[in-house]
Amino acid sequence: MKTAVSIPDDLFVSAEKTAKKLGIPRSQLFALALEEFIQNHSNESITDSLNKVYTKSTKETETLASSLSVATLRRSLKNDTW
C-alpha cells in the first residue's frame, strides 16, 4: 500500500543513508522499521501482562506462606509451658 508521511529532515537523511548502506529501497527500510517498532510494542504489552499476573501471584503466595507460618508456630507452641 502506498502512503505519505511527514518526518523531520534529519531523520529522512539518516534513513536515506541507512537504506543505501543496507542496499535496500527506502520504502523497504521504512516498512522494516515500522514492523520492528510494532513487534517491540507488542512484546511490551505481553511483558506487562505477565508482570501483572506474576505480581498478583507473588502477593497471594506471600499471604498464604505467612498464614501457614503463623498456623505452624501456633501448633508448635500449643503445649509449650513457658
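So how tilted is helix 26-77 from the main axis of the chain? Cα-based, degrees 0 to 90, rounded to 10. The angle comes out near 0 degrees.
When PHE30, PHE12 are sorted by how many other C-beta atoms sit within 10 angstrom of their C-beta, beginning with the fewest, the order is PHE12, PHE30. Compared with the dominant Cα axis of the chain, that is its longest principal axis, helix 9-22 is turned about 90°.
Between ASP48 and LEU34, the modelled label-to-label distance comes to 2.2 nm, taking each label 7 Å out from Cα in the direction of the beta carbon.
Taking Cα extents along the principal axes in Å as calculated from this structure, the corresponding entry among (1) 117, 27, 8; (2) 116, 25, 12; (3) 84, 24, 21 is (3).
Rounded to the nearest 500, the helix-only mean residue ellipticity at 222 nm of the chain stands at -29500 deg cm²/dmol, with each DSSP H run of n ≥ 4 adding -39,500 (n - 2.57).
Bear in mind these aren't lab numbers, they're just calculated from the coordinates by the rules spelled out. Bear in mind the structure is a predicted one, so any value in this text is a computation, not a measurement. Every residue, glycine among them, receives a Cβ derived from its backbone with ideal geometry; neighbour counts consider all protein chains shown.
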